[in-house]
Amino acid sequence: MDSVDIFSRMSQIEATSRMPLEAERTNKIAAHKEWLKSVVRERPQPNQTYRVAVYIRYFNQTKHENYLEYHVKQFMDTIEMCPKWTLVGIYVDEGPTAPRMESAPEWSRLLNDCMMGKIDLIITQKVSNIAKRIFDAILCSRLLASQEHPVGIYFISEDLFTLASYYQEDLRDMFFFPNESGSEFAEEQTGSEETDYD
C-alpha cells in the first residue's frame, strides 16, 4: 500500500471541533505549514514495523449516534491497511479539551506503556489532544524521542511526525528544561498556561 494512500485516508478521520486560536499562534502555525512545503515530508512509513497506540480525546458528538465506536473503527480500519503495524491499544480520555496531563489517566497510562518499551508510534488527531500547555506537549515529544527505542507521535490534523529528521535538532534542544533558578521557559515562550492550541 502506498504511504500517500494511508495518510490521505488518515486525514479523513474526523477531528473533533476546534477552539478558536489567538492570532499570533495561528500565524506561527501557518508559517510552519508553509515551511513544511519546502521540505520532503516525512511520516511513519507503512512498510516499517511499528507497535502502534491510538490516543483519542473523546467528547459527545451529535453527528454519529455511536461516535466513539465510529472513531475507533476509522483508526482500526486505517491501521489494518499497514500489514507491518500492530495495534497495541486504543487509549481514550474524555473531555472536549486536553486537561493537564496529570488528570488524563489514559494519556498517563499510554506514556507509561511507552516508557516500558511496548509502543513505537502514537497516532492522535491533533496536538491539542495531548496537553493544554504547549510545554507539556514538547516535553512529552522529546522524552519519548529520547528513549533507547524512540517513540514517535504522528498528529493527523497537523500532518506532523515528531521523529522526522528535520525535527531532530529541536528534539535535542535543552532550552525547554527548567533553568538554574527553577523557572520554566514555558511561561515566556507560550503565554498563558491555560491556552488551548491545535
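Taking 0.36 nm per intervening residue step and subtracting the Cα-Cα distance, what contour gain separates VAL92 from MET116 on full extension?
Computed gain between VAL92 and MET116 is 6.7 nm.
By a straight-distance test (C-alpha under 18 Å), which lysines pair with LYS33 as possible cross-link partners, with residues fewer than eight away in the same chain excluded?
Partners found: LYS126.
Taking H placed 1.01 Å from N in the peptide plane, check which residues at least 5 places from GLY89 or on another chain put their amide H under 5 Å from its amide H.
VAL54
Which net charge results when you count Lys and Arg as +1 and Asp and Glu as -1 among the other residues whose beta-carbon is under 11 Å from that of GLY89?
The answer is +1.
Please give the peptides 149-158, 125-134 ranked by average Cβ packing (other Cβ atoms within 10 Å per residue), highest first, as a rough proxy for protection.
Working: 149-158: 19.0, 125-134: 21.8.
My ranking of the peptides, most packed first, is 125-134, 149-158.
Report the paramagnetic label zone for TRP35: residues of region 135-172 whose backbone N is under 12 Å from a point 7 Å from Cα along the Cα-to-Cβ axis.
Within reach of a label on TRP35, which here means backbone N under 12 Å from a point 7 Å along Cα→Cβ, region 135-172 contributes 166-171.
What are the residues whose amide H is under 5 Å from the amide H of TYR58, where those residues sit 5 or more places off or on another chain and H is modelled from the backbone?
The list, which skips near neighbours in sequence, is ASP93, GLU94, GLY95.
So, taking all protein chains as they sit and a 1.4 Å probe, how much accessible area belongs to PHE59, in Å² rounded to tens?
40 Å²
Measure off 7 Å from each Cα along the Cα-to-Cβ vector at HIS149 and ARG100, then give the distance between these two points in nanometres to one decimal.
3.3 nm
The values are calculated or read from the model by the stated rules, or taken from the named source; none is laboratory data. None of the values given here were measured: they were computed from a predicted structure. Cβ atoms come from the backbone with ideal geometry, glycine included; neighbour counts cover every protein chain shown. What goes into the accessible areas is simple: the full protein's heavy atoms, side chains included, and nothing from ligands, DNA or RNA. Shrake-Rupley method; radii C 1.70, N 1.55, O 1.52, S 1.80 Å.
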